[in-house]
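In what follows, a structure is listed as structure tokens, so that the remarks can point back to it.
The values are calculated or read from the model by the stated rules, or taken from the named source; none is laboratory data. Every value quoted in this text rests on a predicted model; they were computed, and no experiment measured them. Positions of Cβ are backbone-derived with ideal geometry, glycine not excepted, and every protein chain shown enters the neighbour counts.
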Amino acid sequence: MEKLEKYRQIIREILTDHAITNDPEIECQIIFDTEHDHYQILDIGWQGLNRIYACYIHFDLKDGKIWIQHNMTENDLGKELVARGVPSSDIILGLHPPYKRPYTDYGVA
């Protein structure tokens, strides 16, 4: 399997595993934009009078690497990617500023 297609599949699996809501008023949407390689989990709905619109996980594929752009879960998404066979050098923590990335166990872009 081509590397990018493999990464797309791994991202889909991770997002599907994390797409859970226990509130019937909240819709959990999984976004797979395979044309532009953007992947997200969104919660959308209402809690009483409060509008809920939240992105919990956001991955991008850029230049053959998986960018973790946003993670509002308690899970270590980098470790989940590595456990599924992604080399740590192909994981970029986009949610960290560029000056911090060399001090992580992941790639630098």
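Filter region 1-55 down to the residues that are under 19 Å from the mean Cα position of the chain (by Cα), over 25 Å from ASP90 (Cα atoms) and in a strand (DSSP E or B) and list them by number.
Here is the first cut: in region 1-55, the ones under 19 Å from the mean Cα position of the chain (by Cα) are 3-21, 27-44, 53-55.
Still in the running and over 25 Å from ASP90 (Cα atoms): 20-21, 27-29, 43-44, 53-54.
GLU27, CYS28, GLN29, ASP43, ILE44, TYR53, ALA54, listed by residue number.
If you check GLY48, GLY64 for being touching a residue at least 60 places away in the same chain (Cβ under 8 Å), loosely packed, with under 12 Cβ neighbours inside 10 Å and more than 19 Å from ASP17 (Cβ to Cβ), only one passes: GLY64. Test of understanding: among VAL82, VAL86, which residue is under 14 Å from the mean Cα position of the chain (by Cα) and in a loop (DSSP other than H, G, I, E, B)? Sole residue among the options that is under 14 Å from the mean Cα position of the chain (by Cα) and in a loop (DSSP other than H, G, I, E, B): VAL86.
Here ASP60 clears all of (1) over 12 Å from the mean Cα position of the chain (by Cα); (2) under 20 Å from LYS3 (Cα atoms); (3) among the acidic types (Asp, Glu) except the condition numbered (1). Restricting region 89-109 to residues that are small (Gly, Ala, Ser) and part of a loop (DSSP other than H, G, I, E, B), the residue that is modelled with the highest pLDDT is GLY94. The set of residues in region 87-97 being surrounded by fewer than 20 Cβ atoms within 10 Å (Cβ to Cβ) and touching a helix residue (DSSP H, G or I) at 6+ places or on another chain (Cβ under 8 Å) consists of SER88, ASP90.
Only one entry of GLU5, GLU25, GLU35 meets the criterion of being closer than 18 Å to LEU81 by Cα and surrounded by fewer than 12 Cβ atoms within 10 Å (Cβ to Cβ), and that entry is GLU5.
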